[in-house]
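Derivation of every value follows stated rules applied to the coordinates shown; laboratory data play no part. Since this is a predicted model, take the numbers as computed values, not measurements. Counting neighbours? That spans all protein chains shown, and the Cβs are built from the backbone with ideal geometry, glycine included.
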Amino acid sequence: MCKACEKKPIYEFTNQRKLCKRCFINYFHKKLLYTIRKFSMVKSGEVIGYKKTNDFKGIVLEEMLNFLNKKYGFNVVKLPNKKLKVNKIAIDSSLDSESNDIVNLIILGNTSNLKKSLPVEKNVIKPLYLFLDEEILLYAKIRNLKFKEHKIKKDKINNFLIEFEKNHPEVKRAIVNSLLKLY
């Protein structure tokens, strides 16, 4: 049962904490706001631009930016839009994609590019940075967002991380947290 409201759970964390639909949506919104505050992604009055994509991460990013716009008045525009100057560009990078990129860079010996895997780099922000792909996909399904399924290209490193995560939950989060400690 959901810990907060005793309803049927739809999501379970690695620590066996369970959430129902309503509580999961609240968790998702709070985690988004936490991510934005923790990494100082946006300041008042800034214009956030994003490129619309039709995959589940792109659709959820658009939904979250619109949520921020309605709730906090952040100015959000779809790119390309030449009428407004954009202060920040939001991309739909997640914990899965970032951990994969970090491991790839380390294995290939290209550690000078690790800064590109940070949640904020110059004018690029990653509001979904702390979310797993499965959480983003579940949010899209709960909210009945329309998106196109697409196959994720899986290489040897990505397959290794997926298999490793089965026996060692939280490994992707540990990889990203290790990078954050470095910077």
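Computed packing ranks the peptides 7-16, 157-166 as 157-166, 7-16, most packed first, by mean other Cβ atoms within 10 Å. Sorted fewest first by neighbouring Cβ atoms within 10 angstrom, Tyr50, Tyr72 come out as Tyr72, Tyr50.
With contributions of -39500 (n - 2.57) from each DSSP H run of at least four residues, the per-residue ellipticity at 222 nm computed over the chain stands at -14500 deg cm²/dmol.
Since only Gln16, Pro80, Ile102 are under comparison, the one whose Cα sits farthest along the positive direction of the charge dipole of segment 1-117, derived from C-beta charges on Lys, Arg, Asp and Glu, is Pro80. For the set Lys3/Lys43; Lys18/Lys78; Lys51/Lys115, the pairs lying more than 32 angstrom apart at their alpha carbons are Lys3/Lys43; Lys18/Lys78. Placing +1 on the Cβ of every Lys and Arg and -1 on the Cβ of every Asp and Glu, with nothing else charged, gives the chain a dipole about its Cα centre of roughly 760 debye.
The trypsin sites (Lys or Arg not before Pro) of segment 51-109 that meet both conditions, a loop assignment by DSSP and at most 16 other Cβ atoms within 10 Å of the site Cβ, are Lys52, Lys82, Lys83, Lys85. Sorting Ser93, Ser99, Ser112 by the number of Cβ atoms found within 10 Å of their own Cβ, with the fewest placed first, yields Ser112, Ser93, Ser99.
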